[in-house]
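Below: the structure, in structure tokens.
The values are calculated or read from the model by the stated rules, or taken from the named source; none is laboratory data. Since the model is a prediction, treat every value here as computed from it, not as a measurement. No Cβ is skipped: glycine too gets one built from the backbone with ideal geometry, and neighbour counts run over all protein chains shown. Areas reflect the complete protein model, heavy atoms only, side chains present, ligands, DNA and RNA absent. Shrake-Rupley method; radii C 1.70, N 1.55, O 1.52, S 1.80 Å.
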Amino acid sequence: MEKNIENIIKSIQPLSKEAMKNAKQYQDSLIKPIGSLGRLEEIAIQLAGITEKVQNQVHKKAIVVMCADNGVYQEGVSTAPQEVTAVQTYNMLEGKTAISVLAKQGNIDLKVVDIGINGVVNHKNLIYKKIAYGTKNSAKEAAMTKQQMQQAVLTGFRIVEQLKKEGYHIIGTGEMGISNTTTATSVIVALTGCSIEQATGKGAGLTKELFEHKKTVLKKILQKNKPNPNNPLEVLQKVGGFDIAGLTGCFLAAAYYRIPIVIDGVISMSAAMVACYCQPIVKQYLFASHCSAEPAYQIGAEKLGIRPYFELQMRLGEGTGCPFTMYLIEAAAKITAEMATFEEGNVDKSNYIDIREETEYDTGNRWG
């Protein structure tokens, strides 16, 4: 049966409390001071809730990179020419970009998708899913039609669905698209009601004058479209981008198919927020990587109540925060699978006290 967005949202189920309880008990039986591995233990417990298994493998990894152009580029919100989207997409496929290098180092497969590049990229490894040659200019009209938005979301969903069939254990999210910090900020401001002044960052690098101009354009976008914050898919359609819509589908699919998924920077965060505003349970499947230097990211993370693992002052995008976090998640899984228990190590557990303060994961509230 063909899935639609509404049915997908309704079908998403929460983490398994029983598996998480068992995972916590197992963590407490490992040969170490109880609770001493901190957030690595939290990761292992969350993984168990996702997969419904205490012990997990996380060695088959993929990062989905959604590449698309944004019509709002016409408003002069970027210092880079729009052609860079197509050029960098090709460079990514050729292994020349930051995410290409980091993915190779981490033994991660890159799945690069043309979901809306305003140009033609020819490469044997490109996943061609173009909705249109970029969105409309959201400062003058809705970025996309409702049909285009739905098509883009379902495109992301089906890509993750295919990765699930191919046996991938974890998904990362990345993007490439000139002017997409403007669209991502538009989405986050519309959803949260925060001020444009609070949320606007300098993206890939803006002069003081261009920075002020970007805020003016953001005001135009929101005044023109008046997106309803209670309808996250409308927000996505009116002020988002094809890359954000595709990644929204990835986040929904990860929760639907019970696969851990990693948030990268502000564009990825905006998509995660749309998915979570559609279905709050999606939050339970998310792992935040680094704290992007973009202020809109930090607003989004606070609204969702999630804590990034790294503070690296990164703002590149592409999915570059995901490899570091995938290493952590794989490490947490390996500790659970390979570390000895007190009994196996012939260590008397009674010599150890629980050094944790009471944390949210003890009651399961962290992923609620």
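Name the single residue that is most open to solvent (accessible area, probe 1.4 Å) among those in region 262-284 being over 18 Å from Val239 (Cα atoms) and out of contact with any Phe, Trp or Tyr (no Cβ under 8 Å at 6 or more places or on another chain).
Residue satisfying both the conditions and the ranking: Pro280.
Within the set of pairs 6+ apart or on separate chains, which have a first residue in region 288-300 that is farther than 17 Å from Thr325 by Cα, a second that is outside any loop (DSSP other than H, G, I, E, B) and open to solvent by 10 Å² or more (accessible area, probe 1.4 Å), and C-beta atoms under 7 Å apart?
From region 288-300, the pairs are Glu294/Thr181; Pro295/Gln198; Ile299/Thr192; Ile299/Gln198.
Let me confirm something: among Ala142, Ala80, Ala86, which residue is more than 20 Å from Met269 (Cβ to Cβ) and modelled with pLDDT under 95?
When all the criteria are applied, what remains is Ala80.
Could you tell me whether Phe287 is assigned to a helix (DSSP H, G or I) and open to solvent by less than 30 Å² (accessible area, probe 1.4 Å)?
Numbers: assigned to a helix (DSSP H, G or I): no; open to solvent by less than 30 Å² (accessible area, probe 1.4 Å): yes.
Answer is no for this residue.
Can you tell me which of Glu357, Glu330 is more than 16 Å from the chain's Cα centre (by Cα), at pLDDT below 95 and surrounded by fewer than 23 Cβ atoms within 10 Å (Cβ to Cβ)? Give the derivation first.
Values: Glu330 fails: at pLDDT below 95.
Sole residue among the options that is more than 16 Å from the chain's Cα centre (by Cα), at pLDDT below 95 and surrounded by fewer than 23 Cβ atoms within 10 Å (Cβ to Cβ): Glu357.
Please count how many residues of region 73-94 are among the β-branched types (Val, Ile, Thr), open to solvent by 10 Å² or more (accessible area, probe 1.4 Å) and part of a helix (DSSP H, G or I).
Residues in region 73-94 being among the β-branched types (Val, Ile, Thr), open to solvent by 10 Å² or more (accessible area, probe 1.4 Å) and part of a helix (DSSP H, G or I): 2 in total.
Taking the stated definitions as given, is Ile63 assigned to a helix (DSSP H, G or I) and at negative phi? Give the derivation first.
Working: assigned to a helix (DSSP H, G or I): no; at negative phi: yes.
So Ile63 does not fit the description; no.
Any chance you could count how many residues in region 239-253 are assigned to a helix (DSSP H, G or I) and either farther than 16 Å from Val282 by Cβ or open to solvent by 60 Å² or more (accessible area, probe 1.4 Å) (or both)? Break it down into steps so the answer makes sense when it comes.
Taking region 239-253 as the starting set, the residues that turn out to be assigned to a helix (DSSP H, G or I) are 239, 242-253.
Now narrow it down to the ones that are either farther than 16 Å from Val282 by Cβ or open to solvent by 60 Å² or more (accessible area, probe 1.4 Å) (or both): 239, 242-243.
Qualifying residue count for the region: 3.
Which ranges mark the helices (runs of 4 or more DSSP H) fully within region 107-210 that have 3 or more residues being farther than 20 Å from Glu75 by Cβ? Give the derivation first.
Working: elements: 146-165, 180-192, 196-199.
It comes to 146-165.
Being out of contact with any Phe, Trp or Tyr (no Cβ under 7 Å at 6 or more places or on another chain), surrounded by fewer than 15 Cβ atoms within 10 Å (Cβ to Cβ) and within 30 Å of Gln237 (Cα to Cα) narrows it down to one of Asn70, Asn137, Asn122, so name that one.
Working: Asn70 fails: surrounded by fewer than 15 Cβ atoms within 10 Å (Cβ to Cβ); Asn137 fails: surrounded by fewer than 15 Cβ atoms within 10 Å (Cβ to Cβ).
None of the other options fit; the residue is Asn122.
Given the criteria more than 26 Å from Val101 (Cα to Cα) and touching a helix residue (DSSP H, G or I) at 6+ places or on another chain (Cβ under 9 Å), does Lys140 qualify?
Yes; evaluated as a whole, the condition is true for this residue.
Of all residues in region 6-60, which are over 25 Å from Thr248 (Cβ atoms), in a loop (DSSP other than H, G, I, E, B) and of a type outside the set (D, E, K, R)? Break it down stepwise before answering.
We begin by selecting, within region 6-60, every residue over 25 Å from Thr248 (Cβ atoms); these are 17-42, 44-45, 48, 53-57, 59.
Adding the requirement that they be in a loop (DSSP other than H, G, I, E, B) leaves 31-33, 35-37, 53-57, 59.
Within region 6-60, Ile31, Pro33, Gly35, Ser36, Leu37, Val54, Gln55, Asn56, Gln57, His59 qualify.
Any idea which of Gly319, Gly300, Gly305 is on the phi > 0 side of the Ramachandran plot and open to solvent by less than 10 Å² (accessible area, probe 1.4 Å)? Please lay out each step first, then the result.
Working: Gly300 fails: on the phi > 0 side of the Ramachandran plot; Gly305 fails: open to solvent by less than 10 Å² (accessible area, probe 1.4 Å).
It is Gly319.
Between Glu42, Glu6, which is open to solvent by 60 Å² or more (accessible area, probe 1.4 Å) and charged (D, E, K, R)?
Details: Glu42 fails: open to solvent by 60 Å² or more (accessible area, probe 1.4 Å).
Only one candidate passes the filter, namely Glu6.
Name the residues in region 185-227 that are crowded, with 23+ Cβ neighbours inside 10 Å, without any contact (Cβ under 8 Å) to a residue 40 or more places away in the chain and more than 24 Å from Met314 (Cβ to Cβ), would you?
Pro227
Determine, yes or no, whether Leu236 is of a type in the set (A, V, I, L, M) and either without any contact (Cβ under 8 Å) to a residue 40 or more places away in the chain or not in a loop (DSSP other than H, G, I, E, B) (or both).
Numbers: of a type in the set (A, V, I, L, M): yes; either without any contact (Cβ under 8 Å) to a residue 40 or more places away in the chain or not in a loop (DSSP other than H, G, I, E, B) (or both): yes.
The answer is yes for Leu236.
In contact with a strand residue (DSSP E or B) (Cβ under 8 Å, 6 or more places away or on another chain), of a type in the set (Ser, Thr, Tyr) and farther than 30 Å from Lys349 by Cα: does that describe Thr79?
Details: in contact with a strand residue (DSSP E or B) (Cβ under 8 Å, 6 or more places away or on another chain): no; of a type in the set (Ser, Thr, Tyr): yes; farther than 30 Å from Lys349 by Cα: yes.
It is false that Thr79 is in contact with a strand residue (DSSP E or B) (Cβ under 8 Å, 6 or more places away or on another chain), of a type in the set (Ser, Thr, Tyr) and farther than 30 Å from Lys349 by Cα.
If you go through region 333-354, how many residues are at pLDDT below 85, open to solvent by less than 50 Å² (accessible area, probe 1.4 Å) and touching a strand residue (DSSP E or B) at 6+ places or on another chain (Cβ under 8 Å)?
0
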